[in-house]
Amino acid sequence: MDPSIGDMLSTQITARTPGQPAHVVKVNSKYHAFRHALASVQLRFILRRYQIQSPLKDVGLAPGAVEIISEQLKNVEQVPAGQLPDIAQSIAGNLIVQLRSALPTVAVHHELQKYQSELWEQQQEAIKITINNNLQSLKETIFPAQLVRWNRLLAATESFGLASIIKNKPLMVPFESLGLLEPAKEIAGPLLLGEYDGLDDLELVEITANKINMTELHQWI
């Protein structure tokens, strides 16, 4: 447990190095009550990364990604021209993080439910926190519709999968009210039905990117 982790983070991973022979997962002390579920989720993420068949296992920004975002932002009056590149870089980076984690998060929790049922009560609480955090994407914003759409679709995809795992449909009402339920179901639903069994995270990420038409922002590295 680590009280120094920022309030918005539930866990923090330090990758192994020559001086640190193992990955270290720290859990925010704020979430002490379900620390075992949170740690297990992160450990499964690490395992799934090494199960990717390709030698390219991480997602980064594609060449031109920042320019694509900048082009969409250039007519937003509230974005100062001098800050445009930095803001575009930040938005692009956040979208890539969402893309990398949305469907794999559902896969990880699906595995946790099947193979570590002793953590079920903790897992439910962890899922509720994740979905609650995803509701931030539904707030009104100054940003262009396409950027908002990508952000919300990724949040909805993750949330639909997780809400389905714990069979809590009311958690999806805010997303449904904005027309996000059906596209989220189209992406995450097949995973829950076993149709994506055997696919690694690279394949899950590519499915998501294609479904939401966000293929030009990322590359595997």
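Taking the Cα centre of the range 73-221 as origin, work out the dipole magnitude from +1 charges on Lys and Arg Cβ and -1 charges on Asp and Glu Cβ, in debye rounded to 20.
Dipole of the range 73-221, to the nearest 20 debye: 440 debye.
List the equivalent ellipsoid semi-axes of the range 28-155 in whole Å, largest first, each obtained as the square root of 5λ for an eigenvalue λ of the Cα gyration tensor.
Equivalent ellipsoid of the range 28-155: 33, 19, 11 Å, largest first.
Determine the relative contact order of the range 144-221: mean sequence separation of Cα pairs under 8 Å and six or more apart, normalised by residue count, in whole percent.
30 percent
Quote the relative contact order of the range 90-221 in percent (integer), defining contacts as alpha-carbon pairs under 8 Å separated by 6+ residues.
32 percent
For the chain, set up a GNM with springs between Cα atoms under 10 Å and report which of 134, 168, 75 has the largest fluctuation.
Checking each option, the largest mean-square fluctuation is seen for 75.
Can you check what the net charge comes to around residue 186, using other residues whose Cβ is under 12 Å from the Cβ of residue 186 (Lys, Arg +1; Asp, Glu -1)?
So the surrounding residues net to 0.
Subtracting the Cα-Cα distance from 0.36 nm times the residue separation, let me have the gained length for residue 178 to residue 192 in nm, one decimal.
Full-extension gain reported as 2.8 nm.
Relative contact order (percent) for the chain, with alpha-carbon contacts under 8 angstrom and 6 or more residues of separation?
The value is 25 percent.
Have a look at the chain and give its Rg and Dmax from the Cα atoms, expressed in angstrom.
17.7, 53
If the limit is 20 Å between Cα atoms, which of 57/167; 167/211; 128/169; 74/211; 30/128 go over it?
From the list (57/167; 167/211; 128/169; 74/211; 30/128), the Cα-Cα distance tops 20 Å for 57/167; 167/211; 74/211.
Net charge around residue 201, counting only other residues with Cβ within less than 15 Å of its Cβ (Lys, Arg = +1; Asp, Glu = -1)?
That sum, taken over residues with Cβ under 15 Å, equals -2.
Bear in mind that the values in this text are calculations on the coordinates, not laboratory data. This structure is a prediction, so every number in the text was calculated from the model and none was measured. Here Cβ is always computed from backbone atoms with ideal geometry, including for glycine, and neighbour counts include all displayed protein chains.
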